[in-house]
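Note sheet for the following structure.
The values are calculated or read from the model by the stated rules, or taken from the named source; none is laboratory data. Fair warning: this is a prediction, and the values are worked out from it, not measured in the lab. Virtual Cβ from ideal backbone geometry, glycine too; neighbours counted across all protein chains shown. SASA here: full protein model, heavy atoms, side chains in, ligands and nucleic acids out. Shrake-Rupley method; radii C 1.70, N 1.55, O 1.52, S 1.80 Å.
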Amino acid sequence: MAMSRDEIFEHVRDTLVDALAVEPDEVTENASLTGDLGAESIDFLDIVFRLEKTFNLKIPRGELFPEDLLNNPDYVSNGKLTATGLEQLKKSMPHADFSNFEKDPDVSKMPDLFTVKTLVNYIEAKQTAA
Amino acid sequence: MRWIWIDKFVEFESGRRAVAIKNITLAEDHLHDHFPGFPVMPASLMIEGMAQTAGILVGEARNFEEKVILAKIKRASFSGYARPGQQLRYEATIETISPEAAMTAGTIYCDGEPLGQVDLMFSHIDQNLSGLNFPEENFVFTEEFKSLLTTYQIRR
């Protein structure tokens with residue numbers, strides 16, 4: 001049976017508490033995984049594994065956290081995403097909120113796109129699609 | 001000095017589970033400093049022992065073709081001491097293994113009593129860290145290492 005958004009959030013929160021050793025009250029919808037919760041690159045893989053287990057679903061590589069985009073010169077110029085790059089990123093991350101990022105699509109700000117809400121949106125969409 | 005913190009495997013089920021033992025002895029130099037008059041096996045070295053047990057289990061699951069690197073200690077908790085004359089038993093199981101990484105869960109026993117829980121995550125680094133190139137030769141599972149497996153009798 002499909003979970004409600006609140007239930008998904010609770011499970012995502014528990015997952016992050018375990019994976020990142022943070023306090024439950026630090027895990028808010030808008031907290032970013034790297035900036036606010038201190039996740040490092042290897043933690044992303046850990047989080048993917050844990051989410052797969054918790055929600056009993058398969059998360060294909062690159063679907064939740066897109067890779068390889070930054071190596072493409074058509075997508076990145078002078079440390080910022082080009083219009084094409086931004087378009088591509090939006091397409092591959094329909095679960096993320098781009099409203100802030102698109103004002104200044106600086107590559108160094110990309111981690112801010114990965115928030116708790118991004119994860120909840122992703123799981124919710126995945127569940128609807130299943 | 002050889003950085004080998006397990007003495008032998010006593011059980012090995014490919015891709016699933018491995019059990020290794022380690023006998024603690026006062027011939028080990030570090031025990032005289034940790035601590036003077038009160039020798040106990042450092043917890044960090046028990047984590048290393050589990051990482052070797054679980055890392056070899058993970059490596060063997062892909063026929064030692066991947067470079068398996070300890071990426072994260074997901075959990076490490078200990079409830080007592082392990083002292084010279086005692087035997088440690090490292091029981092590791094693979095929880096998940098994918099092209100990029102593996103998760104293992106492990107329990108450490110000391111003379112048959114549960115002593116600790118060490119859960120680890122390993123990265124197959126060639127499949128991760130996109131954009132970085134690593135040497136082609138497998139610097140994790142070297143030829144020297146593989147000859148050890150013959151000793152352990154787990155080489156295919």
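Axis angle, to the nearest 10 degrees, between helix B:43-61 and the longest C-alpha principal axis of chain B: 30 degrees. Restricting the GluC sites (Glu not before Pro) of the range B:99-138 to loop positions (DSSP other than H, G, I, E, B) with no more than 11 neighbouring Cβ atoms within 10 Å leaves B:GLU136, B:GLU137. Under the criterion of Cα pairs below 8 Å and six or more residues apart, the relative contact order for the range A:66-111 equals 35 percent.
A:LYS91 exposes around 150 Å² of accessible area when a 1.4 Å probe is run over every protein chain in place.
Using a cutoff of 8 angstrom between alpha carbon atoms and counting only pairs six or more residues apart, the relative contact order for chain A works out to 32 percent. Excluding same-chain neighbours fewer than eight residues apart, the aspartates and glutamates reachable from A:LYS109 by a Cα-Cα span under 14 Å are A:ASP36, A:ASP97. Among B:GLU65, B:GLU144, B:GLU95, the largest mean-square fluctuation in a Gaussian network model of chain B, built with springs joining Cα atoms closer than 10 Å, belongs to B:GLU144. The distance linking the range A:1-56 with the range B:33-85 is 27 Å (Cα centroid to Cα centroid, whole angstrom).
Considering only B:HIS124, B:PHE78, B:PRO135, the residue lying farthest towards the positive end of the dipole of the range B:8-146 is B:PHE78, judged by Cα position with unit charges set on Cβ. The heavy atoms of B:TYR81 present about 140 square angstrom of accessible area, all protein chains included, probe 1.4 Å. Let me make sure I get this right: for chain B, a, b and c are the square roots of the gyration tensor eigenvalues over alpha carbons, sorted descending. Under 1.5 in a/c it's rounded, otherwise prolate if a/b > b/c, else oblate. Which is it? Prolate.
For chain B, what is the mean residue ellipticity at 222 nm derived from helices alone (per DSSP H run of n ≥ 4: -39500 (n - 2.57); sum divided by total residues; nearest 500 deg cm²/dmol)?
For chain B, the value works out to -6000 deg cm²/dmol.
Can you classify the range A:66-111 as rounded, prolate or oblate using the Cα gyration tensor, where a ≥ b ≥ c are the square roots of its eigenvalues, rounded means a/c under 1.5, and otherwise it's prolate if a/b beats b/c and oblate if not? It is oblate, given that a/c is not under 1.5 and a/b is not larger than b/c.
Let me make sure I get this right: for the protein assembly as shown, a, b and c are the square roots of the gyration tensor eigenvalues over alpha carbons, sorted descending. Under 1.5 in a/c it's rounded, otherwise prolate if a/b > b/c, else oblate. Which is it?
Prolate shape, in that a/c is at least 1.5 and a/b is the bigger ratio.
Heavy-atom accessible surface of chain B, averaged per residue, reaches 51 Å², computed with a 1.4 Å probe. Interface A-B: total buried accessible area of about 1100 Å², 1.4 Å probe, protein heavy atoms only.
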